[in-house]
Amino acid sequence: MGLPSVKPSLDSLEFDPDSAPGEGLRTLRVALDRFMKDDGPKTDSLRGAVQRTVAEVDRFKSAVAAKDFSLVYQPVVDLKTYEVDHYETFVRLGQDSSPADAIHMAEEMDLIQDLDLAVVQAVVQQLLKPANKRLKLAANISARSLLRPAFAERLLTTLRYAQPARGRLIFEITESAALGDLHRADALVRGLRRGGAGICLDGFGSGGAAFDYLRAVSVDAIKIDGRYIRDLSAPGSRNGVMVRHLSQLCREL
C-alpha cells in the first residue's frame, strides 16, 4: 500500500503593498522551506505555513521598531590574567530564550539589518553612560547586514556618535550568512576600524570560506568555533594541533 500523497492548499494570498520589494516572494520561500523540512505528518496546509510566517515577520518587525528586546551579557575572560576583557552582548526577543530561529528567519527575509542596527545603538547607549566609562562591549553583526550599503552608512553614523566610547566597542561578524563580496567587506571593515571599533570574526571554522575571510578581511581577532575547542587538551587531539597552528598564523598576520 502506497503512502498518501500530500496536496498543499494555496489558492491566493495578499501581502501588504507597502512592504519591501520581494518580501512576498521571500515569505513564500521561507514558508515553503519550513513546510518541506517538517519531518512529521503534513497535517497543515502550505497556506497555514505561509500565514504563520507572515505573522512571525509582523511580530519581528513590530518588536524591532518598538525596541521591544532585551540585552544579556557574557564575560570574555583573559586566560593569562583571569580578568574580564569585555562582555559580548546577546539579544533576547520576547521571553528569555534563544532568538536563533527568529534571527535565521530575519536573515532569510532580509530583515536582519534592522535588528543589528537597533542592538548596536542600544549597546552604544550603554557605553555612553557616565557610570560605564571603562566598560567594553561586543555586538554581533550579520555578514548579510554588513554588505548592505544603507546599513553600513548608518553603522558609520552611529560610530561617529559613539566617539566618546572609542576603543570600547567591538563588532563581531557572524558567519550565519556568508560574506559574498570580500573586497567590499574588507573596505567596510577598515572604515569601521578607522572609526575606533574593533572587529572580530565570529565562529571561525564553522563555514567553508573561513580561511578566505582570514586572508581577505582585515579583522583584529577571530573567535574559533567551539567544535575545535571542546577537546583541545585531549591526548592526541587533532583539534589541538589545528588551533595551535591557527593561533600562530593569526599572530603572523
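Couple of notes before you dig in:
- Scalar couplings 3J(HN,Hα) for the range 139-148, obtained by applying the Karplus form with A = 6.51, B = -1.76, C = 1.60 to θ = phi - 60°, are 10, 7, 10, 5, 4, 5, 5, 4, 8, 8 Hz; x denotes Gly and Pro.
- Rounded if a/c under 1.5, otherwise prolate or oblate - the range 85-144, Cα gyration tensor axes: prolate
- Over the range 43-108, volume per residue of the alpha carbon convex hull, in Å³: 125
- A viscosity of 1.306 mPa s and a temperature of 10 °C, combined with the Kirkwood radius over C-alpha pairs in the Stokes-Einstein formula, give the range 97-197 a diffusion coefficient of 114 µm²/s.
- Cα-based convex hull, the range 138-212, per residue volume (Å³, whole number): 77
- Restraint check, K80/K223; K67/K136; K37/K223, Cα-Cα greater than 20 Å: K67/K136; K37/K223
- Computed on the range 180-253, the Cα convex hull volume stands at 88 Å³ per residue.
Every number in this text was worked out from the coordinates using simple rules, so none of it is lab data. Computed from a predicted model, the values in this text were never measured in an experiment.
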